[in-house]
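Here's the structure, in structure tokens; my notes come after.
The values are calculated or read from the model by the stated rules, or taken from the named source; none is laboratory data. No experiment lies behind these values; they were computed from the predicted model shown. Note that each Cβ is placed from the backbone with ideal geometry, even for glycine, and that neighbours are counted across all protein chains shown. Please note that ligands, DNA and RNA were not included when accessible areas were found on the heavy atoms of the full protein model with its side chains. Shrake-Rupley method; radii C 1.70, N 1.55, O 1.52, S 1.80 Å.
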Amino acid sequence: MPNNYFYIEPFVHADLIDSHILLYNTLSHKTSLYQFRNIESVGFAKRLLDDDVNRITLISEFELVNSEIREFIEICREYYHGDLIESDYRPVIMPFAPKLNFDFEHLNDERTWQTMNLRNTFHELFIYHADSSTNMTDSVLSMSGSKQINAPITNLNKSQYESSDLVFHFFRNETYPGLKKVQLYGNKVSLKIIKDTCDFFKDCFVHYNVYISGIANDVLDNQILKNTENLKYILWVDFKTERELLFDFFSMNEDSISRIVFKIIIRDVNDISDLEQIFIPQGITYEVVPFIKNSTSNALFEVIKSNKADVKNQSLTHREIASRLYVNHLCFGKLFILPNGDVHANLNMPHIGNIKSNKLIEILRNAHTSEDSSWYLTRAKVEPCKNCVYRYLCQPISGYELYFGIMNLCNYDPVKKIWHNSEGAE
């Protein structure tokens, strides 16, 4: 008599935590959470998912008559392209997507460094120039305890030209084929440094980040900078105190406005409703950035938490989910250089080198191999997310979560397996 095998197609993401199995179809984007209540069913699910490439297992006659397993098989047949196969040999289901580019498990193997091109993993550079407002927050924001994750507060007594020359000298002797974007910070960066940065990183997009009240008209109107094709401006706006300036910029001509991305800072729930009421002209590119206090009871903090709809109603590909097992895409490939030359892979974590004393390849190797590397800080490594069945459907860990030390910015309780907010009620 032929053996019975059960399989789930590889384009279906499946994860088992305790007795709960989550299924996510990357083609239809349907999600189901199924609970097994007896030990035989859980054992069957573990065997099925142990083969993480083919997801196929031999199923016994005893398991075939198990009502829980039969119900699970019917769910898979209906929504997740799983099925039973009668065969004298073990079938092979071809993977739906290729494996990742390199083997993360053997990253520390010395021979691996000979075959990996680490420089290609470095794709975004953040350069900070010291001035009195590099942190880009006004006194009201600072006094209220709000923090802007993307720009650190620095009081270093170092000239912009000195720190700029330090960066140029470092990269002049390095190769960085994967670098695509350079973020330049500092409210009073000279026009020459902006232009020199664009010329030096001529094959990259250079984004000059500046607080909206700190940018002078001669920066936007300078003809030399206007003719610099790889330059864009990121204007940070405190919506509560600077909204009138925001409207002034909205009235700029189409050519000038196309070079600007607005990052609008909101500090409380009222800012959200007020922002929804204003008219934002066509062609304006903007992002909303919450500044939240170090308090979980803050109303804005509650609003930005993920709910059931945020997590489940996504259109994730097989490769996107597979990569979340290994890397944090919000951090991966980014390096931050402070005015003293210190390099961070994440501003909330210790520096991993200094451009005065380390080569780029050494810094990148540290970014890849340090025990607390933010590049590889996935939800499988932090509490309580590592025990949550939704862990690979969630967004990667953000700077806000690192700052507040709360890794699950969501309303799901992984212990009780319930959503707490009304939108996500089970």
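Restricting Ile278, Ile304, Ile260, Ile292 to those that are more than 30 Å from Phe200 (Cβ to Cβ), β-branched (Val, Ile, Thr) and over 22 Å from the mean Cα position of the chain (by Cα) reduces the list to Ile278.
Of the residues that make up segment 306-314, is at least one within 30 Å of Glu371 (Cβ to Cβ) and open to solvent by less than 30 Å² (accessible area, probe 1.4 Å)? Checked against the condition, which is being within 30 Å of Glu371 (Cβ to Cβ) and open to solvent by less than 30 Å² (accessible area, probe 1.4 Å), segment 306-314 yields at least one hit. Quick check on segment 366-374. Is at least one of its residues modelled with pLDDT of 90 or more and either more than 15 Å from Leu335 (Cβ to Cβ) or among the basic types (Lys, Arg) (or both)? No, there is no match, as no residue in segment 366-374 is modelled with pLDDT of 90 or more and either more than 15 Å from Leu335 (Cβ to Cβ) or among the basic types (Lys, Arg) (or both).
If you check Leu245, Leu300 for being open to solvent by 40 Å² or more (accessible area, probe 1.4 Å), touching a helix residue (DSSP H, G or I) at 6+ places or on another chain (Cβ under 6 Å) and farther than 30 Å from Arg172 by Cβ, only one passes: Leu245. Among the residues of segment 308-317, at least one is hydrophobic (A, V, I, L, M, F, W, C) and under 16 Å from the mean Cα position of the chain (by Cα). All of Glu320, Glu362, Glu371 fail the test of being open to solvent by 20 Å² or more (accessible area, probe 1.4 Å) and assigned to a loop (DSSP other than H, G, I, E, B), apart from Glu371.
Considering each residue of segment 258-276 in turn, at least one proves to be over 28 Å from Ser163 (Cα atoms), open to solvent by 70 Å² or more (accessible area, probe 1.4 Å) and at pLDDT 85 or above. If you take the residues of segment 374-386 that are of a type outside the set (D, E, K, R) and part of a loop (DSSP other than H, G, I, E, B), which of them is farthest from Tyr34 (Cα to Cα)? That would be Leu377.
Scanning segment 61-90 for residues that are assigned to a loop (DSSP other than H, G, I, E, B), modelled with pLDDT of 85 or more and exposed (fewer than 13 other Cβ atoms within 10 Å of the Cβ) returns a single hit, Val65. In summary, Asp372 fulfils each of the numbered conditions (1) over 19 Å from the mean Cα position of the chain (by Cα); (2) free of Cβ contacts under 8 Å to residues at least 40 places away in the same chain with the single exception of condition (1).
Return the residues of segment 387-400 that are closer than 17 Å to Trp419 by Cα and either in a helix (DSSP H, G or I) or free of Cβ contacts under 8 Å to residues at least 12 places away in the same chain (or both); say none if nothing qualifies. Within segment 387-400, Asn387 is the sole residue that qualifies. The set of residues in segment 7-59 that are in a strand (DSSP E or B) and among the hydroxyl-bearing types (Ser, Thr, Tyr) comprises Tyr7, Tyr24, Thr31, Ser32, Tyr34, Thr57. Residues that are open to solvent by 30 Å² or more (accessible area, probe 1.4 Å), in contact with a strand residue (DSSP E or B) (Cβ under 9 Å, 6 or more places away or on another chain) and outside any strand (DSSP E or B) within segment 323-347 comprise Leu338, Asn340, Leu347, listed in sequence order.
Scanning segment 33-58 for residues being at pLDDT below 90 and in contact with a helix residue (DSSP H, G or I) (Cβ under 7 Å, 6 or more places away or on another chain) gives a total of 2.
Of all the numbered requirements in (1) out of contact with any Lys or Arg (no Cβ under 6 Å at 6 or more places or on another chain); (2) in a loop (DSSP other than H, G, I, E, B); (3) open to solvent by 20 Å² or more (accessible area, probe 1.4 Å); (4) at pLDDT 90 or above, Asn155 misses one, and that requirement is (4). In the set (1) in contact (Cβ under 8 Å) with a residue 60 or more places away in the chain; (2) within 27 Å of Ile21 (Cα to Cα), Tyr403 fails one condition alone, (2).
Here Leu166, Leu179 are screened, and the one residue that is within 30 Å of Asn120 (Cα to Cα), assigned to a loop (DSSP other than H, G, I, E, B), hydrophobic (A, V, I, L, M, F, W, C) and modelled with pLDDT of 50 or more is Leu179.
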